[in-house]
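What follows is a single structure, written as structure tokens, with notes after it.
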Amino acid sequence: MTDPTTIDLSKDAAARAAVALVENGMKLGLGTGSTAKVFVDRLAERVHAEGMDLRLASTSKATADQARSLGLVVEELDELGWLDLTIDGADEVDPDLSLIKGGGAAHLREKIVATASDRMVVIADQGKVVDRLGKFKLPVEVIPFGWESTRTHIQRALAELNMADRPVIRRERDGQPIRTDENNYILDLALEEIHDAPALASALSAIAGVVEHGLFLNICNLAIIGRPDGSVVELRREDLE
């Protein structure tokens, strides 16, 4: 095994702190992304060591495959109903615990699972904490039919919010559009700064063809931020109220 990098130590610290929140008998949502992947690894270790009885739902096929490969049983969200807790990563976290998610093209399922939970906990390294959202490109999942016209509507909405001429780019790999688990496209919005996230969220949600955007507002209850020295900082929603 290679020596972990500083960023790996940060992610591992956040993941371990989140695993400590899991209680036997919980219905738990598993997130998607690099930090969530570490969490699933650490969760499996604890489940097997302690014989924990958990019911698990996943936010992506990739996470479900990982969990099953580690001996965890993953069920459909509809089989579980309401969840006690979802633990997921984020691409950006601001001081109000607003998030940008979707770097892994899973934000539709991530938002469905998170909002079907009593609590959502985000785990991240310090590099994901920002003063204002927007430096990370905002993912918007759109249906393939008419996606060019959907992009035009998004550009018009951005112009009305004083963000004209911001690039709206279809996410591709090897010249082909990346498909989500729902077989949709992802449009990445290069915004630099988002000054009114609620207004942008409302505008995007009103556009025909938009399935879901990566703004997670008033959803996260706790952010666990891992530090390079293996410690963590916790940002709680109740501290903001």
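The values are calculated or read from the model by the stated rules, or taken from the named source; none is laboratory data. Values in this document were obtained by computation on a predicted structure and should not be read as measured data. Cβ coordinates were reconstructed from backbone atoms using ideal geometry, including for glycine residues, and neighbour counts include every protein chain displayed.
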Spot the failing condition for residue 234; the list is (1) assigned to a loop (DSSP other than H, G, I, E, B); (2) exposed (fewer than 14 other Cβ atoms within 10 Å of the Cβ), and only one is missed. (1)
Any residue in the range 152-174 that is among the basic types (Lys, Arg), farther than 19 Å from residue 103 by Cβ, under 23 Å from the mean Cα position of the chain (by Cα) and modelled with pLDDT of 95 or more? no
Just a yes or no: is a residue in the range 158-168 on the phi > 0 side of the Ramachandran plot and loosely packed, with under 13 Cβ neighbours inside 10 Å? yes
Can you tell which of 43, 28 is assigned to a helix (DSSP H, G or I) and surrounded by 15 or more Cβ atoms within 10 Å (Cβ to Cβ)? 43
Turns out the helices (runs of 4 or more DSSP H) fully within the range 47-156 with at least 2 residues that are touching a residue at least 40 places away in the same chain (Cβ under 8 Å) and over 24 Å from residue 217 (Cα atoms) are 61-69
Exactly one condition in (1) assigned by TED's automatic domain parsing to the domain that holds residue 28; (2) surrounded by fewer than 17 Cβ atoms within 10 Å (Cβ to Cβ); (3) touching a Gly at 6+ places or on another chain (Cβ under 7 Å) is false for residue 118; which is it? (3)
When both residues are 6+ apart or on different chains and their Cβ atoms are under 9 Å apart, which pairs have a first residue that lies in the range 164-193 and is assigned by TED's automatic domain parsing to the domain that holds residue 62, and a second that is modelled with pLDDT of 95 or more and not hydrophobic (A, V, I, L, M, F, W, C)? none
Those residues of the range 213-239 that are modelled with pLDDT of 95 or more and on the phi > 0 side of the Ramachandran plot come to a total of 1
Meets criteria (touching a Lys or Arg at 6+ places or on another chain (Cβ under 7 Å) and either loosely packed, with under 14 Cβ neighbours inside 10 Å or β-branched (Val, Ile, Thr) (or both)) for residue 178: yes
